[in-house]
Amino acid sequence: MAEKNTMSLIEYVSFDGNKVRLDLDTVKKYLCDNSNVTEQEFFMFGSLCKSHKLDPFNREAYLIKFGTAAAQMVVGKDVYFKRADKNPDYDGIESGIIIETKDGNVRELDGCFYQANCKLVGGWAKVYRKSISHPKVAKLRLDEYCKVNKDGKPMSIWADKPAVMIEKCAKVFALREAFPNEFSGMYIEEEFNGKTGNMTNQTPITVEKKASDIIDAEYAQKDVTDSNDVVYATDNQIKILQDKMPEERLKKCLNHYGADDLAHLTMEQASEAITILYKGSTPVMV
C-alpha cells in the first residue's frame, strides 16, 4: 500500500504489518468518541501514529479529549515492552521503587513490595543494551507523577497501587532513554500528572513539549533539545518548511516569529506554520 499523508487522510502500515487508514470522521467516532476533535488535532495524531507505526485500532495509541479542551495523544505501555523485546540490542531491564525508611534513609528496592512503616517516594529502572557498556537509568519522584484530585489526594489507581504505577513510569522512561529512535515522543497516560483529576490542564498534542517526529516518517529524526521548557523544531518540520515554503514567504515567517533561522523556531511555531501551509490559507505573517 502506498503511504499517504494529507490533512484529511493518513494511510500507512503499522509496526506489526497492519494496514491503517485514518480520517477525521473515523477518529471522532471510534478512536476518541468526541465530535470536537479538530482537523489539526487529527492530523497531528495521525502523523504521530504514522511516524511511529502505531496501530490505534489495536490499542497502541489513544487520542484523549475532554469537551473542547486541547487533545492529547498517549501510547499503550505494551508498545514499549513488545518493541524492546524485538530489538536485537535489548539486553533486559531491572526496576523497582524508592522508599524512605522511618529513620529518614532513602533506599532502592527491587519490585514493588515495601513495608507499611516506610514511605514510598519514587521509582527506578535500568535498561541494558548489548552495544553499550552501562545501563540507562531512570529515577522518578512519586509526587511528580501521582495523579491527585483538587484536595491533593491520590486518585484512581494511583491511590490503590502507587508502587506499581511509579515503577511502570520509571520503566517506560528508561526504555525511552535507552532507545530514543524507537520511543522518542511517545508517552503513556500515567506519565501525565493530573493535578485536577483529569488531563485538561496538560500540554496539548499540538504543543507537546517532548514530542519529536510529528509530521512524516519519511524524514530523518533528530533529538529534541529541551531547555527551560523550550523545544525547537524537529528535522521533519524544518525539511517541510524548506521544501514547501517559498523563500520570500519563509523570510516573513521567520520575521513573524522573531527567529534567525528555521532551527530557532519552537516546535509549536513550526507546527503552526506547517498547518497553515497545508491548509493553503494565507498566514498572518505574510
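Miscellaneous remarks
- For region 161-174, putting each phi into the Karplus relation 6.51 cos²θ - 1.76 cosθ + 1.60 with θ = phi - 60° gives couplings of 9, x, 5, 4, 5, 6, 5, 4, 4, 5, 5, 5, 4, 5 Hz, in residue order, rounded to whole numbers and with x for Gly and Pro.
- Filter on K150/K171; K65/K244; K77/K239; K50/K77; K77/K153 - keep pairs with C-alpha separation over 21 Å: K150/K171; K65/K244; K77/K239; K77/K153
- Lys, Arg +1 and Asp, Glu -1 on Cβ, resulting dipole of region 80-125 about Cα centre, debye, nearest 20: 220 debye
- Of the chymotrypsin sites (Phe, Trp or Tyr not before Pro) found in region 100-178, the ones in coil according to DSSP and having at most 16 other Cβ atoms within 10 Å of their Cβ are F113.
Bear in mind these aren't lab numbers, they're just calculated from the coordinates by the rules spelled out. Treat the numbers as computed from the prediction; the structure is a model and nothing was measured. Backbone-built Cβ (ideal geometry, glycine too); neighbour counts: all protein chains shown.
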